[in-house]
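Structure, as structure tokens:
Every number here is computed from the coordinates shown, using simple stated rules; none is lab data. All values derive from a computational prediction rather than experimental measurement. Positions of Cβ are generated from backbone atoms using ideal geometry, with glycine treated the same way; all protein chains shown enter the neighbour counts.
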Amino acid sequence: MITPSKEFWKIFKETNGALSCAEAVAIMNLAAQAPEGVYIELGTHKGKSAMAACVSLKEFSGCEKNPTFYLVDPIFEEVELCKETHRSIGSATDWKNMIYCFENTYSIDEIPKHDDYAYVMVDSGSHGDGLPMQEAKLLEDRMAKGGIMAWHDYKNQFVEVEAAYNYLLSTGKFEEVQINWQEIFDYVAEHNLEEGNNSWHLYPELPHPPNFVGALKRK
């Protein structure tokens, strides 16, 4: 299991965003399975899930140029927010060989601009009003073979996310990626990681720690 440094956790936990440390570990280990191709995150906010992905997204030495990670969020119209998010991700991962491309746009406008997606994190908008299914259908035939598509807010109150996930499975083009949550929970508990995590979804009525991440792999 891939786990990050103490410095990573310090920066991660100081950053605002609805992502538990357990979910971050899951994302690290999902991103590690991504092949070469286009990396994109739909709904980045302050960058917590992007930090996690960048811990383990592969550097392909045979590439002519460094990999690009497209970070998509309409809030990036705020230039200072872009700078803050870039600094946070860079400080947490210390990965100099990644090009970060901040896109001030909406997921359904950005997805058609690229193909051969190798890693996608879908965490955009309010997870309703038909958006998850729109995203799923736009991504369906744009995923590289072996490409990883991760979804946040999967199997919680945002039922449209699970419906979009199940639609992709029903096409026969994708298979589920199993996440070893028990191993992750044990690691998080051993290091008391959720203590001090600045995540607004750590409410008592939710599973603790939250584990609302699901993933598919393109066959």
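Amide H to amide H, with H built 1.01 Å from N, M143 comes under 5 Å of Y117, counting only residues 5 or more places away or on other chains. Evaluating 6.51 cos²θ - 1.76 cosθ + 1.60 at θ = phi - 60° for every residue in the range 139-155, the Karplus couplings come out as 7, 2, 9, 10, 8, 5, 4, x, x, 9, 10, 9, 10, 9, 6, 8, 6 Hz, glycine and proline recorded as x.
Normalised by the number of residues in the chain, the mean separation of alpha-carbon contacts (under 8 Å, six or more apart) gives a relative contact order of 28 percent.
Applying 1/(1 + (r/R0)^6) with R0 = 45 Å to the Cβ-Cβ distance of D141 and K6 gives a FRET efficiency near 0.60. With viscosity 0.692 mPa s and temperature 37 °C, the Kirkwood radius over alpha carbon pairs of the range 81-141 converts through Stokes-Einstein to a diffusion coefficient of 242 µm²/s. Contact order, relative form, for the range 28-137: 37 percent (alpha carbon pairs under 8 Å, 6 or more residues apart, mean separation divided by residue count).
Straight-line reach from K13: taking Cα to Cα under 13 Å and skipping same-chain neighbours fewer than 8 places apart, the aspartates and glutamates in range are E23, E194, E195.
Ranked for footprinting exposure by Cβ neighbours inside 10 Å, fewest first, S91, S126 give S126, S91. Peptides 27-40, 69-82 ordered by packing proxy, namely the average of other Cβ atoms within 10 Å per residue, highest first: 27-40, 69-82. Quick check: from the Cα gyration tensor, does the range 113-157 come out rounded (a/c under 1.5), prolate or oblate? Here the range 113-157 falls in the prolate category.
Rounded to the nearest 20 debye, the dipole size of the chain about its Cα centre is 520 debye, using +1 on the Cβ of Lys and Arg and -1 on the Cβ of Asp and Glu. When the C-alpha to C-alpha distance is required to be over 29 Å, the pairs from K10/K173; K113/K217; K58/K83; K6/K145; K10/K219 that qualify are K10/K173; K6/K145; K10/K219. Rg then Dmax, both in Å and based on the Cα atoms of the chain: 16.0, 49. Which parts of the range 1-33 would a label at D186 reach, counting a residue when its backbone N lies under 13 Å from a point 7 Å out along Cα-to-Cβ? Counting only backbone N, you get 1.
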